[in-house]
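Worksheet: one structure, shown below.
The values are calculated or read from the model by the stated rules, or taken from the named source; none is laboratory data. Keep in mind that this is a model prediction, so the values were computed, not measured. Glycine also receives a Cβ, built like all others from the backbone with ideal geometry; neighbour counts cover every protein chain displayed. Only protein heavy atoms, including side chains, enter the accessible area calculation; ligands, DNA and RNA are left aside. Shrake-Rupley method; radii C 1.70, N 1.55, O 1.52, S 1.80 Å.
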Amino acid sequence: MTIYIRDAIYYETERGGQVFFIHNRVQGLPEMCAMIQGLCPDLSIGFAHGQLEGHELEERIMDFIDRKYDVLVCTNIVESGVDIPNVNTIIVNNAHHFGLSDLHQLRGRVGRSNKKAFCYLLGPPMSTMPTDSRKRLQTLEQFSDLGSGFQIAMRDLDIRGAGNLLGGEQTGFMAEIGFEMYQKILEEAIRELKRTSFKDLFKEEISKQDDFVSDCTIDTDLEILIPDSYVESIAERLSLYTRLDSCEKEEELNEFHTEMVDRFGPIPSQVEDLFTTVRCRWMAVQLGFEKMTLKDETLRCYFINRPDSPYFESDLFRKILAFLQTGTNKARLKQTGRMFLLIVDNVKDMETMERFLKHMHKGVVEEMARG
């Protein structure tokens with residue numbers, strides 16, 4: 001490993017740059033400094049750490065800025081507030097002992113000029129590292145582009161967990177499914193308890209709500225996705241999916257649609273269907289469908305999967321029954337056991353599905369709004 005360290009240092013200094021060598025143990029800094037000096041005897045090596053007197057620490061940093069040192073061996077005190085454009089290589093010793101935010105900050109100390117920067121993370125073989133340490137280093141390797149701070153923060157939250165929420169030790173469970181999914185499950189659980197076990201306590205709050213369903217899953221045999229021929233980067237496609245899922249209003253959806261045309265060109269049919277799917281999901285939630293499937297040109301809309309739900313006693317459900325009797329001849333209600341299912345035939349594509357839901361939405365929801 002010492003050969004790689006020497007080569008990395010010489011590569012940087014031979015192009016006129018300087019190097020940070022991070023060793024986060026104050027007691028071992030002089031020895032580490034001596035080791036680097038032995039590897040590179042013709043270079044000037046200095047060291048700095050937070051236990052130095054203020055004036056002495058400032059003097060050493062200023063000497064490094066003035067290029068009196070080629071390599072500065074130091075602790076992680078340089079991870080924030082230090083901007084030296086001539087330093088474009090950083091070597092972090094025992095990187096598996098650092099937190100993810102520390103490593104991200106340290107990596108940001110280089111690449112602050114027009115030169116290509118390098119960050120080397122030194123540690124034992126991946127197979128011998130603890131699981132969390134390995135995940136942290138893999139996260140840094142995966143998210144190396146500019147603006148990756150949010151993705152790194154969310155991955156850090158997944159790795160470490162968010163602590164003890166509502167009295168239960170949830171971190172292990174959360175680490176398996178991700179923080180966003182955990183939040184969603186927690187919200188649904190609280191919502192269900194309010195409407196069932198504690199419905200008397202929250203009667204006034206429930207009476208003001210008509211959102212019996214928080215989300216709807218759509219399953220189809222159609223090709224609905226962002227093709228890799230349209231957006232090549234996997235990370236970019238995942239980001240676009242996330243942004244599309246977060247759209248809550250038609251205006252946001254239209255702005256996102258315009259942005260995609262500007263960035264990637266004319267939108268293919270699969271992506272247009274993706275936008276249509278989002279609109280269908282909005283209407284499905286307002287109508288009280290937890291799941292919809294479109295397969296073999298048959299649309300199946302599944303109502304809330306709880307026969308005792310107050311939804312089936314609501315004005316919304318009564319309006320839907322009235323709409324099926326007088327507002328359309330394309331749909332029929334089917335009961336499987338104690339569950340209800342709405343079936344619509346001859347639905348060939350997402351546009352047809354959207355037209356039916358719009359017709360139903362107008363006949364039911366708007367009628368309710370008029371009182």
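Keeping to segment 316-347, report how many residues are surrounded by 12 or more Cβ atoms within 10 Å (Cβ to Cβ), charged (D, E, K, R) and either in contact (Cβ under 8 Å) with a residue 24 or more places away in the chain or in a helix (DSSP H, G or I) (or both).
Looking only at that region, the number is 3.
Among the residues of segment 106-117, is any open to solvent by less than 50 Å² (accessible area, probe 1.4 Å), touching a Leu at 6+ places or on another chain (Cβ under 8 Å) and of a type in the set (Val, Ile, Thr)?
no
Hey, can you tell me all the residues within segment 289-315 that are among the basic types (Lys, Arg) and surrounded by 15 or more Cβ atoms within 10 Å (Cβ to Cβ)?
291, 300, 306
Does residue 57 fit the bill of being over 18 Å from residue 11 (Cα atoms), open to solvent by less than 60 Å² (accessible area, probe 1.4 Å), in a helix (DSSP H, G or I) and in contact (Cβ under 8 Å) with a residue 24 or more places away in the chain?
no
Just to be sure before I move on: is residue 20 of a type outside the set (Val, Ile, Thr), in a strand (DSSP E or B) and open to solvent by 20 Å² or more (accessible area, probe 1.4 Å) in the structure I sent?
Considered against the rule, which asks whether it is of a type outside the set (Val, Ile, Thr), in a strand (DSSP E or B) and open to solvent by 20 Å² or more (accessible area, probe 1.4 Å), residue 20 comes out as no.
Is at least one residue of segment 92-109 in contact (Cβ under 8 Å) with a residue 40 or more places away in the chain, touching a strand residue (DSSP E or B) at 6+ places or on another chain (Cβ under 6 Å) and aromatic (Phe, Trp, Tyr)?
no
Can you name every residue in segment 228-268 that is surrounded by 13 or more Cβ atoms within 10 Å (Cβ to Cβ), hydroxyl-bearing (Ser, Thr, Tyr) and without any contact (Cβ under 8 Å) to a residue 12 or more places away in the chain?
Answer for segment 228-268, where residues must be surrounded by 13 or more Cβ atoms within 10 Å (Cβ to Cβ), hydroxyl-bearing (Ser, Thr, Tyr) and without any contact (Cβ under 8 Å) to a residue 12 or more places away in the chain: just 239.
Which one is least open to solvent (accessible area, probe 1.4 Å) among residues in segment 156-187 that are at pLDDT below 75 and of a type in the set (Asp, Glu)?
Here the answer is 158.
Matching residues to (1) in contact with a helix residue (DSSP H, G or I) (Cβ under 9 Å, 6 or more places away or on another chain); (2) of a type in the set (Phe, Trp, Tyr); (3) modelled with pLDDT of 90 or more:
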position	(1), (2), (3)
8	no, no, yes
12	no, no, yes
19	yes, no, yes
28	no, no, no
57	yes, no, yes
85	no, no, yes
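What tally of residues in segment 214-227 results from selecting those that are surrounded by 15 or more Cβ atoms within 10 Å (Cβ to Cβ) and polar (S, T, N, Q)?
Selection size over segment 214-227: 1.
Report yes if some residue within segment 70-77 is β-branched (Val, Ile, Thr) and in contact (Cβ under 8 Å) with a residue 60 or more places away in the chain; otherwise report no.
Looking through segment 70-77, at least one residue is β-branched (Val, Ile, Thr) and in contact (Cβ under 8 Å) with a residue 60 or more places away in the chain.
Can you tell me which residue in segment 133-155 is least open to solvent (accessible area, probe 1.4 Å), limited to those that are of a type outside the set (S, T, N, Q) and not in a helix (DSSP H, G or I)?
Checking each candidate, the answer is 143.
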